[in-house]
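The values are calculated or read from the model by the stated rules, or taken from the named source; none is laboratory data. Predicted model, so just to flag it, every value in this text is computed and none were measured. Reconstructed Cβ throughout: ideal geometry from the backbone, glycine too, with neighbour counts over all protein chains shown. Heavy atoms of the whole protein, side chains included, go into the accessibility calculation; ligands, DNA and RNA do not. Shrake-Rupley method; radii C 1.70, N 1.55, O 1.52, S 1.80 Å.
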Protein chains: 2
Amino acid sequence: MKAKVHVTLKAGVLDPQGKAVHHALEALGFDGVQGVRQGKYIELDIAETDPVKARPAVEEMCRKLLANTVIENFAIDFEG
Amino acid sequence: MKAKVHVTLKAGVLDPQGKAVHHALEALGFDGVQGVRQGKYIELDIAETDPVKARPAVEEMCRKLLANTVIENFAIDFEG
């Protein structure tokens with residue numbers, strides 16, 4: 001089964017990477033972009049096939065390694 | 001409206017970052033992870049409110065800046 005993890009900066013946390021992308025888009029002539037936030041997207045192939053059983057382990061992975069929960073949120077979806 | 005862009009490595013392209021995450025998860029004692037692929041997740045706040053009208057512009061942004069289409073795929077979703 002696939003676990004799809006999104007790690008995004010919490011609201012209020014500065015995002016210099018997103019800001020750089022925003023400036024670059026403007027420099028390329030793309031108007032109408034009001035803001036950019038950049039996060040991480042991680043796909044895990046896991047042996048467990050039951051999302052209910054898999055969720056606690058994947059949440060633990062997020063808390064221990066994938067996300068810095070002081071400044072980042074994470075969201076988990078399962079597929080397949 | 002929000003445009004949510006996922007940029008992922010194409011199949012067959014080596015992903016050292018994902019491999020590092022995989023090793024780290026194993027070192028932390030997480031069994032049952034068979035593979036890890038890491039990508040980027042970008043949220044764009046755009047002025048356009050019609051997804052049909054917005055898509056060509058966002059695709060252009062992906063091709064010109066957000067994704068390296070030689071080695072990466074991108075997917076776009078709209079929300080709000």
Exercise for the section: Could you tell me whether region A:2-10 includes any residue that is open to solvent by 60 Å² or more (accessible area, probe 1.4 Å) and either among the basic types (Lys, Arg) or within 19 Å of B:Gln38 (Cα to Cα) (or both)? Expected result: yes
Exercise for the section: Only residues in region A:33-53 that are of a type in the set (Lys, Arg) count as the first member; pair them with residues that are assigned to a loop (DSSP other than H, G, I, E, B), Cβ under 9 angstrom, at least 6 apart or cross-chain, and list the lot. Expected result: A:Arg37/A:Asp15; A:Lys40/A:Ala67
Practice task
Hey, could you check region A:36-56 for residues that are of a type outside the set (Lys, Arg), buried (at least 18 other Cβ atoms within 10 Å of the Cβ) and within 7 Å of another protein chain (Cβ to nearest Cβ) and say which is farthest from B:Lys40 (Cα to Cα)?
Solution key: A:Ile46
Handout entry: Test for A:Gly32: is it at pLDDT below 95, more than 7 Å from chain B (Cβ to nearest Cβ) and surrounded by fewer than 18 Cβ atoms within 10 Å (Cβ to Cβ)
Key = no
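Residues in region A:57-72 that are under 19 Å from B:Val7 (Cβ atoms) and within 11 Å of chain B (Cβ to nearest Cβ): how many?
Matching residues across region A:57-72 total 1.
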